[in-house]
Structures are given as C-alpha cells and as structure tokens.
1. Only one residue in 239, 290, 282 is farther than 17 Å from residue 121 by Cα and at pLDDT 95 or above. Which one?
2. Of these, 48, 92, 110, which one is more than 9 Å from the ligand (Cβ to nearest atom), assigned to a helix (DSSP H, G or I) and either on the phi > 0 side of the Ramachandran plot or surrounded by fewer than 15 Cβ atoms within 10 Å (Cβ to Cβ) (or both)?
3. Any residue at all in the stretch 20-31 that is more than 29 Å from residue 149 (Cα to Cα), hydroxyl-bearing (Ser, Thr, Tyr) and in contact (Cβ under 8 Å) with a residue 24 or more places away in the chain?
4. Give me a count of the residues in the stretch 199-251 that are touching a Ser or Thr at 6+ places or on another chain (Cβ under 9 Å) and in a strand (DSSP E or B).
5. Please go through the stretch 287-315 and pick out each residue that is buried (at least 16 other Cβ atoms within 10 Å of the Cβ) and in a helix (DSSP H, G or I).
6. Can you tell me which residues in the stretch 188-229 are within 30 Å of residue 117 (Cα to Cα), surrounded by fewer than 16 Cβ atoms within 10 Å (Cβ to Cβ) and acidic (Asp, Glu)?
7. Any idea which residue in the stretch 113-153 is surrounded by the most Cβ atoms within 10 Å (Cβ to Cβ), counting only those that are aromatic (Phe, Trp, Tyr) and in a loop (DSSP other than H, G, I, E, B)?
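The values are calculated or read from the model by the stated rules, or taken from the named source; none is laboratory data. Treat the numbers as computed from the prediction; the structure is a model and nothing was measured. Every residue, glycine among them, receives a Cβ derived from its backbone with ideal geometry; neighbour counts consider all protein chains shown.
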Amino acid sequence: MELTGKSVVVTGGAGFIGSHIVDSLVARKNRVTILDDFSTGREEFVNRSAGVALVRGDLLDQDLVDRALAGHDFVFHFAANADIKDNLKHPRKNVEQNVVATQNVLEGMRKHGIKDIAFSSTGSVYGEPEIFPTPETCPFPIQTSLYAMSKVAAEGMLTSYAIGYEFRTWIFRFVSMLGPRYTHGHVIDFWRKLRKDPTRMEVLGNGLQQKAYCHVLDCVDAIFTVVEKTSGPINIYNLGHTDTLVVNDSIALICAELGVKPKLEYTGGTRGWVGDSPLIMLDTTKLRALGWAPKHSLRDAVVDTLRFLDENLHLAEIG
Ligand SMILES: NC(=O)c1ccc[n+]([C@@H]2O[C@H](COP(=O)([O-])OP(=O)(O)OC[C@H]3O[C@@H](n4cnc5c(N)ncnc54)[C@H](O)[C@@H]3O)[C@@H](O)[C@H]2O)c1
C-alpha cells in the first residue's frame, strides 16, 4: 500500500509507540493528525512540526472522533489502555479503551469513507500457547488477561469491518517494546525501584519468566515495511525479536548499567502477576520474509531505554 501523500490520523500519537509513528510520518512528509487524551501520553512526545495537527480528547467521544477523522485517508490506531500488569484493577477500562474506542474509530472511518487502518495488538493474545516460537496461525488458547481479551475483541472487530465494509486492516501483534519515550513495563519498574533504593529490589515472580522484546525504532520500521509491502484486506503480523531475555538476565543488565548490586527479593511463582505469560516468543518469519530485520540487539534496546530514563528523571515520579 502506498502511504506517500496520504493524510493520516494517529490515535495515541502522544504515547510511547504512537509518537514514533508520528515522527516517521512527518519524516515521510505525510500530513498528520494526532488524536490523544493524554491519559498516559506526554506533551514532550508530541511532534510540533508544521503539518501536524493535535486533537485533544477521548476516543469514547464519538463526535470528537468523527471530527478528527474528517479529510484523512489512513488511521494508525495506537491509543489504548496499554497497562497489562494492573489489568484486574480496572476491568471495564479494557473494554472501554480497547474495544469500544476501537469501534468508535471504525465507525468514524465508515462515516468518512476511510478504508485503511493499522492497529497495535499484542503477543499476549496467544495467552499461554503450546507452540514456540508462536506463529500468527497458532490456535487461540483460553485468554488469561482482560487486556489480551480486549485486544482479541478489537482484532475481531477490525477483521469483521474488513470483510463486512471492505476495509483494509494491518494488525501487529507486538512483543514488549523498549527504547526512547518508554514509560511503562518492567525496565521502568526496576529503574524506579533501584533509584529509590539501590540496595534491595522486589522482583515479581521467580525471575525466570522469559520474554521477547524489540527496540521501538525497529518496531516502527517493521510497521512501515509491512504496510508498504502488503495490500490484502487482512494483514496480521507478529512483530519483535525472536531472541528473548529472562527477567534475571534483564535485571543483571540493568544493575550493571546502573552500577548497583541490590539484594533481590522474589515474590515467587512462575508468573509475575495473574495473567502474566511465563514465556513469550513469537515467530516472525512472515515479517522477515518482507525484508525486515531488527537493527538493535536486545541489549542495545535495554541500554537505550535506561539512557532515556536517566535523561528524564521526572519519569521516576510517575506511575
Ligand atoms: N509498549 C509495548 O510494549 C506494547 C506491547 C504490545 C502492544 N502495545 C500496544 O501498542 C499501543 C501503544 O502502546 P504504548 O506502549 O505506546 O502505550 P502508551 O500508553 O504510551 O500510549 C497510548 C496512548 O493512547 C492515549 N490514549 C489512551 N486512551 C485514550 C483514549 N480513550 N482517547 C484518546 N487517547 C487515548 C494515551 O494518552 C497514550 O498517549 C497500545 O495499543 C498498546 O496496547 C504496546
């Protein structure tokens, strides 16, 4: 699909990944509208270039969504409640922010005759799969988190609109992203704890959970590669490194970078929280067949994240 010359809406364009999508679109000279309620997005991530419009507001407001989408050709729908760890604290939020909001975007698109949408889903949709690395065709297991459940529902809505209303949809099932503007996840949790007390640190679970990661700039590269090289009605791609890091290795890397040697206190169990998947390793053969390969190692991704956090110490106070 050719993105050149298109007017693009990026929901969640003030967030971690969405703001990098905006930067990349600006570099490609696309006209961009950011739609964000700044619930977790940050003013300092907003691209202020000429050609970028900012609409502040909630995707649950259908009129606002309709107004923001008018006159555009393509939507990157990246706004969501991205909080997986605390998903049980606010069960309705997952449905509202990830399911209802997604339908509002799709309905706004339908009103304005916009047919193309890229969506940020998650590898968590595979729950606790039995196949590793896990391919896109893996049978869907029982869902183990409300966050993943909401993404499965949103994916279902996107594919149904693609079939029912002849939309084209690009669905990306991400591993955990790292890099500049990172504001949530295990690296910032450990960083915050160690900044407060470098002598001891609580670790959720037994430290043996094993997960794949990806540098956010590689993620953005992959998204544009897929969108520009495919054009079917439904395009579903796993996105991330196939390499994994065990939580304990991550901790060792973070401690070495920060120059600290804390006493580690494990809460125990194979999962960090209810719904945590002890092993996430996605098969990215389909993505790599389009010519994409990550430019950053997992170590680079962790180090870049820590560098960003150390340059943005105010983030230690948030969350
Ligand atoms: N970061 C990851 O590792 C990761 C992994 C898998 C999937 N994802 C998905 O990628 C997308 C982006 O995640 P992120 O890490 O950049 O999260 P983020 O929290 O940094 O970004 C989400 C953005 O959406 C905005 N937003 C949330 N609800 C909104 C609403 N109702 N109306 C308008 N704006 C709203 C927030 O203010 C924020 O700017 C999400 O869909 C998330 O589920 C992220």
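1. 290
2. The unique qualifying residue is 92.
3. yes
4. The qualifying residues number 14.
5. Of everything in the stretch 287-315, those that are buried (at least 16 other Cβ atoms within 10 Å of the Cβ) and in a helix (DSSP H, G or I) turn out to be 287, 298, 301, 302, 303, 304, 305, 306, 308, 309, 315.
6. 228, the sole residue that qualifies.
7. Across the stretch 113-153, the extreme among qualifying residues is 132.
Residues checked against (1) in a strand (DSSP E or B); (2) within 7 Å of the ligand (Cβ to nearest atom); (3) at negative phi:
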| residue | (1), (2), (3) |
| --- | --- |
| 3 | no, no, yes |
| 9 | yes, no, yes |
| 14 | no, yes, yes |
| 19 | no, no, yes |
| 25 | no, no, yes |
| 29 | no, no, no |
| 34 | yes, no, yes |
| 38 | no, yes, no |
| 41 | no, yes, yes |
